[in-house]
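Take a look at the structure set out below.
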Amino acid sequence: MRWARVAKCVCAAVVLAALGGAAWAGDNETQPARGANQPVDEAYTAKIKKYTTEPYFTSPLVDYLPASKNVPTPEVVLGDVSGAPGILPYAEDVYKYMRLLEKASPSRVKVFSIGHTEEGREMIAVAVSSEANLKNLESNRAELAKLADPRTIKLNDAEADKIVARATPIYYITGTIHSPETGAPTALMELAYRLAVDESPYVKEIRDGVVTLITPVVEVDGRDRMVDIYKWHLSHPNSFYPSLVYWGKYVAHDNNRDAMGVTLKLTENVLNTYTGWKAQVLHDLHESVPYLYDNTVGDGPYNAWIDPILADEWQMIGARNVADLTKFGMPGVFTHGDFDTWSPGYLMFIAAMHNGISRLYETFGNGDADTKERTLEPEEYARTWYKQNPPLPKTLWSQRDNNNYEETGLLTSLHYFNENKRMFLKNFYLKAKRSTLKPTAEGPAAYVLPGDDPRSELQAELLQVMDKQKVEISRATTAFSVTFPPKKKEETGKHGHGDAKESEKEKKDNEPTTREFPAGSYVIRMDQPYSRIADALLDHQYWSPDDPQKTPYDDTAWTFGELFGVQVVRVTDAKVLSTAMERVNSVKLPGGVKGDGTVFAINNNAQPTLATLRYKLKDATMDAVEEPFEAGGTKFNRGTVLVKGVNKGDLDKAAGEAGVEVVALGSAPSVKTHPLRAARIAFVHTWLSTQTEGWWRLALDNIGVPYDYMSTQAIGKIDDLRAKYDVILFPPVGYNAPASAIINGLPTSWGNPLPWKNTPETPNLVGKNDSTDDMRPGLGWDGLAKLHEFVAKGGVLLTATDTSSFAIGSGFENGVTLNQAQKMNIVGSILSTRLVDGASPIAYGYGEKVSVYCDNGPIFSLTAIAGERRRRRLGSHTKERPTGRGTIDDPDFAVGRPATETPEEKSTETWEIPEVTDEQKLNNPRVIPDADLPRVILRYADSKDLLVSGLLEGGDEIAQHPAVVDVPSGAGHVILFSINPVYRGETRGTYSLVLNTILNWDSLNAGRKAAEK
Ligand SMILES: [Zn+2]
C-alpha cells in the first residue's frame, strides 16, 4: 500500500515540474523555492529529512534550513531540530531562543513582552522583518492607526490610498493556546529563524514587505504543565500518563472561548497586542484535524456582524492556501469543513471583530512529540467536494510532519498576503470606515444603557468589558429621547379578521414609539471604528432550527445585556448621536455611602458585589430584610441588606472598593430580617475535567469569595464536613458527565496510578490548583455518604447541570425527577425564566423575568411522591380524556345507569407539585411531607416566550419546567440548577443566584409558603 502512495506522489512531482512557473498564480510572482546562492545548513537539513515520515509531508519551502554564520538555529536551545521526536521546549526555552535570535540579528528581530499570565508567566511577541521596517515600526504604526481609525483622516479615501500605498502591514501569528496541541512553538521558532536569515527571493520578499509578529506560546501556564507531563511520559514509557486536567489556572480548552468576555489574561494580552499594533491578520494555530484545515472559511452560518469584505478575504486566502499546498503535493489540505463562524468567542475572532482578518489552522498533532502510527476515521480520510486530496487512512506521523505543514502554510500565507498587501490594507481601511458609517448604513445608531438602571454595578461591569474591547463609551450630559420604528411592518389584508383586542394591539405595534433617557445614560455610539464588536455583543442572535447547519460548533447566543441582567437599548434613530455627551475613559463601579443616618442599607439588585462586601467586612453584622419596604422615598427590594457594627468611614471605604452603593437611613425599617452570614465554602471538582468549574473559580476569585478547593476524592477523607463547611459548591463537570463517572472516576482495577503533583520531574503541574497521587478514583461511595451526612446535618449542597443530574440520581432528589429530552435542541442559548417564589432568599434582587444561559437542560419535573415520576394527567387541562362518547370537553356515559359525579382533579402547572390524590395517600410512606417538598425559585418561561437569543428547537419539552429548585433535605438543602449560572465570565446577571444561596445559607426557608420547616 505504501508503494502505491509513493508512486502517486512521484507522479504529482513530475506534473509539477512539467508545469513549471505557470502553475503559480500571478505571472510575476516569485516561485516558492530555495535561493540559488542560499547556503544551507546541511546537518540540520539532513535531520529535517530524517524526521519527516514521507517525502510528501514537506515542501520546497521547509525541506532545508538556510545557513547563517552568526545566527543560531533552534538547535542551540532544543538540542535537535524543530519537530524532532522527544522534544517539547518549555515556554522559557522558546523565549530564550527568540531572544538569542534577537541578539544575533537585532536589526531583523525584536522581542516584546506583552504581559503576564494568571500564574505570573511572561507572554511575548516577536517581530521579524527587514532592517528598514523594524527601524520604522513607530512611524508605520502611526500610519496604520490612521487606517484603523478613519475619523483621523476624516474618512478621506484619497488620503487613505496614499497610506495604503506606503504602509507595511502586520501579520500576527499565535501558537499553542491549546496546550495538548504541542507543535506550534518549535514551528514558530524555526519560522522566525527562516524569516530572519533566508535570502531566497521568496522569503526576502516577505521580510521586506510584511512585519511578521509571533506569539509562540499563548497559554504559557498550560504549556509548562504539558511539557512536564510529556517529560513524565518519557521517563515512564510503559505507563499511561495523566491527561492535562489543568491548562491555565482557570480553564482548559475554553481559553479559546474568551474573546467576548475577556476575562483571561491571555485574551487581554493578545487583544491589546493585536489592536495596539494595528495588525491586519490574527492567525491562530491549532492541531486537531488531519493534516491542515484552514478552517476560517469553514461552513455556515457565518457571524452576522462581520463585514462581507472579511468573508471574501477568508475565501481568497483559504482557497489560495489550499491551492499552494496541493501543488506541493501535500495531501490533506482543505478549507471548508464543519466549523461554523457564528460565535465571536474564539481568540482569532478578535481580528474579525476589530476590522482585521481572523484565521485559524487545524493541523495534525500527536498530542506530544512522539512519532506515531495514526489511523483516521472514515469521515476524516473520505474524499469530499472540498477535500479532493484527502489525508491518508493510516500513516506514520511525526511532530516534524506537523511543523512542516504549519510552516509551509504560514510561509505561503505570508507570501500571498504580501503579494496582495495593498488590497488587504485598503480592505482594513474600508472595514474600519464601514464600521464608522454603521449608523447611516445598516444601523443601529447606538446602544443606550439607561442612567436609571437599578443594576448600576452590573451595568458598570458590562461597560468595563466594552472598554477592554477598545469600544468608546460616552455619557449623555442631558436627558434625551429617541424614536423607535413600528414593531410590525404593515401587511395589508393579511390580518383583517382578528378580534378588536388584537387589532388594537396591531395598531399600537404599527405606530412609532419614543423613550426618554435621563442624563447620565451611557451611549455606545456606532460611528466608531470598533462599533462591530459592540454591536455583535449587545445585539440578539437568532439561529433558525431549520438552518442546514445541524451541529453548531459552539454557543448560539451571547447577548451581553441579557446575560448581565442590565438594560441595553438598541437605537436606530440617528438623532441620538447629536445628544450632548462626553467620552468616558474608564468606568468604575459605583460605590460608597450616600445620605445621612445611622442605619446603612444596601438595596438588593442581585449585584455580585454584595458578596464582595460581605466577605470584606467579616466582623460587621449584616441582615437581609424579608419584605420590601420604602424609606426616604426609595423603594428597597426584598433582600436589602442592613449593615451594623461598622462606622460610616470604614463602610464608605469598603463599599467604595467593593463597588456597592450604600444608603444611610434615619431609622431601621420595621420588617422581618435574618442574618446574612459569610458561609464557609468547600468548592468541589472532579479529576475528570476542571474547565467548567474553572469559570466558577474565576468568578468567585474576582468577586472575593473565599473557598477551600478540593477534589471529589478529598470529600470521603474529611471526618465531619459539616463541622468545617456551611456550603458545598459542586459546579458542572462538563461534557454531561454521568453520575457513575463522578462516583467511580477512571478504572483503577488495571493500569497505573496517574499522579498530578509537583515533583522534580514535573515542577509546574500543580500551580495554584490541586494535587493528587492518582487522578483515577472518583467521589466513591464513602464520599457520597459524606455528602448525604453533610446535608442531613444542615449543610447546603449547590449543583448545576450535570452535577444536578448526579444529585437527583444519587438520593438527593426528594420530589425532583429528570425528563429525557426527545427533540429538544438548545445549544448554548439564552432562555427566559420566570420568578416563581420571590420570597426565597435565592431570588433576592431579581425581577419577574430572568434571562439565563441554557445548554440542553437538564429538564426537571416535580412530584410529591418520593421515587415516583410525575403522573400523567387526564382531564380538560391537558386536553386529554378517556375514549368514549362526545367531544373532548364532554363527559362519557355508562349505558344503563345515571351519570356519576367525577372527582374534581386540581390542575397543576408544570412547575408546580401535583397534589397527592386520596388514592395515593393510602398507606403510602413515599408521600413527601409539605415541609420537605421542593421549592421552585425560577421556572422556564412558556414556550412562546422561552427564546431570548440563539437556537431553540423542541422548547416545549423544557418550557415551564423548574430552572432553579431548592430541595429541603434533612436539616439542610440541595439547590439544583438546570441552567449554568456562572459561565465564561458572560452570565454575570445570574451569579447572584449562587451568591444569594451562599450568603443566606442558614435562612433558605425564609418566606417559604409550604409548611414551615
Ligand atoms: Zn485547538
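For LYS162, a cut-off of 29 angstrom between C-alpha atoms picks up these lysines, skipping any fewer than 8 places away in its own chain: LYS110, LYS135, LYS146, LYS154, LYS204, LYS278, LYS421, LYS426, LYS431, LYS433, LYS438, LYS470. Its residue count N sets the reference 2.2 N^0.38 Å, and the alpha-carbon radius of gyration of the stretch 559-677 equals 1.25 times that reference. In straight-distance terms, cross-link reach from LYS724 covers every one of the aspartates and glutamates whose alpha-carbon lies under 17 Å from its own, apart from those fewer than eight places away in the same chain; here that gives ASP708, GLU789, ASP1002.
Ligands, DNA and RNA left out, the accessible area of the stretch 733-837 computed with a 1.4 Å probe is 54% carbon and sulfur. Find the centroid of the Cα atoms in the stretch 425-449 and in the stretch 465-488, then give the distance between the two in whole Å. Spelled out, the Cα-based centre of one part sits 15 Å from the other. Per residue, the solvent-accessible area of the chain (1.4 Å probe, heavy atoms of protein chains only, all protein chains present) comes to 39 Å². A simple spin-label model places the labels of ALA145 and THR478 3.3 nm from each other, with each point 7 Å out along Cα-to-Cβ. What angle do you read, to the nearest 10 degrees and between 0 and 90, between the alpha-carbon axis of helix 265-277 and the longest principal axis of the chain? Value to nearest ten degrees: 50. Given in Å, the Rg to one decimal and the Dmax to the nearest whole number for the Cα atoms of the stretch 294-372 are 13.9, 42. Rounded to the nearest Å, what's the spacing between the alpha carbon centres of the stretch 966-1010 and the stretch 78-117? Just the number, please. Their Cα centres are 49 Å away from one another. Once Rg and the Kirkwood radius are both taken over the C-alpha atoms of the stretch 909-959, their ratio Rg/Rh works out to 1.15. Non-local lysine pairs in the stretch 504-645, meaning eight or more places apart or on different chains, with alpha-carbon distances under 22 Å, amount to 8. Based on every Cα atom in the stretch 734-872, Rg and the maximum pairwise Cα distance Dmax equal 19.2, 62 Å.
A DSSP coil position with no more than 11 other Cβ atoms inside 10 Å describes the following GluC sites (Glu not before Pro) in the stretch 394-495: GLU490, GLU491.
The relative contact order of the stretch 253-367 comes to 46 percent, based on Cα pairs under 8 Å that sit 6 or more residues apart. Of the trypsin sites (Lys or Arg not before Pro) found in the stretch 138-178, those in coil by DSSP whose Cβ has at most 11 other Cβ atoms within 10 Å are LYS154. Setting aside same-chain residues fewer than 8 positions from LYS327, which lysines have a Cα under 18 Å from its Cα? Leaving aside lysines fewer than 8 places away in the same chain, those within reach of LYS327 are LYS8, LYS387.
To the nearest ten degrees, helix 780-792 and the longest principal axis of the Cα atoms of the chain are 40 degrees apart.
How far is helix 399-419 tilted, in degrees, relative to the longest principal axis of the Cα atoms in the chain, given as a value from 0 to 90 rounded to the nearest 10? Helix 399-419 sits roughly 80 degrees off the main axis of the chain. Counting protein heavy atoms only, the stretch 509-588 has 48 percent of its accessible area on carbon and sulfur, 1.4 angstrom probe.
Counting only other residues whose beta carbon sits under 13 Å from that of ILE87, what net charge do I get with K and R as +1, D and E as -1? Here the charged neighbours net out to -3. Of the residues GLU986, GLU511, GLU506, GLU901, the one with the largest accessible area comes first in the ranking GLU901, GLU511, GLU506, GLU986, computed with a 1.4 Å probe on protein heavy atoms. Determine the relative contact order of the stretch 502-642: mean sequence separation of Cα pairs under 8 Å and six or more apart, normalised by residue count, in whole percent. Over the stretch 502-642, the number comes to 15 percent. When the alpha carbon gyration tensor of the stretch 658-805 is reduced to an equivalent ellipsoid, the three semi-axes, largest first, read 34, 19, 14 Å. Reported to the nearest whole Å, the Cα centre-to-centre distance from the stretch 632-664 to the stretch 341-361 is 42. Dividing the convex hull volume of the alpha-carbon atoms in the chain by its residue count gives 224 Å³ per residue. Mean sequence separation of contacting Cα pairs (under 8 Å, at least six apart), scaled by the length of the chain, corresponds to a relative contact order of 11 percent.
The values are calculated or read from the model by the stated rules, or taken from the named source; none is laboratory data. All figures in this text were calculated on a predicted structure; none of them were measured in a lab. Note that we place each Cβ from the backbone using ideal geometry, even for glycine, and neighbour counts take in every protein chain shown. Remember, those area values only see protein heavy atoms, side chains included, never the ligands or the DNA or RNA. Shrake-Rupley method; radii C 1.70, N 1.55, O 1.52, S 1.80 Å.
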